[in-house]
Amino acid sequence: MSVAYPQAPGYKTGQPETSRRAADSMIDHARVIREQVLQMLTVFPDATPDEAAQFLKLDKLAVRPRFSELALEGKIEDSGQRRKNASGRNAAAWRLVRKLGQLALI
């Protein structure tokens, strides 16, 4: 598949071939999770990735990278809020980007 990051999961170059294969295997699933995150943020704005994972009943390790991808696509932005995550560290809460009074969902 010829889809590039951030529309597809990333992987580190120079790593074992398994890294690229793992990323390739997540392309469709990652797209679904990104869509779920966007929908969740319409109902529950200003969520951390871990909060989103809990709400969506998904593994946080599958959800966290989707936030990076969505931010790079310009669909979400840091809200400026911080809350503790499971590790006790401050985590950024994210919100949908608003453009000309509209939500940037496409």
For the pair Ser87 and Leu72, the simple spin-label estimate (label points 7 Å beyond Cα toward Cβ) gives in nm 2.0 nm
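Taking 8 Å as the Cα distance limit and 6 or more residues as the minimum spacing, I'd like the relative contact order of the range 17-103 as a percentage. Could you put the intermediate results ahead of the total?
Details: 91 pairs, mean separation 23.1, N = 87.
Relative contact order for the range 17-103 comes out at 27 percent.
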Computed E for Met40/Tyr5 - FRET, C-beta separation, R0 25 angstrom, nearest 0.05: 0.65
Mind sorting out which of (1) 1.03; (2) 1.54; (3) 1.09 is the real Cα Rg over 2.2 N^0.38 Å computed from the coordinates? (3)
Given Asn85, Leu56, Ala4, which one lies farthest toward the positive end of the charge dipole of the chain, if we put +1 on the Cβ of every Lys and Arg and -1 on the Cβ of every Asp and Glu? Asn85
From the helices alone, meaning DSSP H stretches of at least four residues, give me the mean residue ellipticity at 222 nm for the chain, per-run term -39500 (n - 2.57), in deg cm²/dmol to the nearest 500. -13500 deg cm²/dmol
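Of the lysine pairs in the range 17-103, how many meet both conditions: Cα atoms under 20 Å apart, and a spacing of 8 or more in sequence or different chains?
Values: Lys57/Lys84; Lys60/Lys75; Lys60/Lys84; Lys75/Lys99.
For the range 17-103, qualifying lysine pairs total 4.
Each value in this text was obtained by applying a stated rule to the coordinates, not by laboratory testing. No experiment lies behind these values; they were computed from the predicted model shown. Counting neighbours? That spans all protein chains shown, and the Cβs are built from the backbone with ideal geometry, glycine included.
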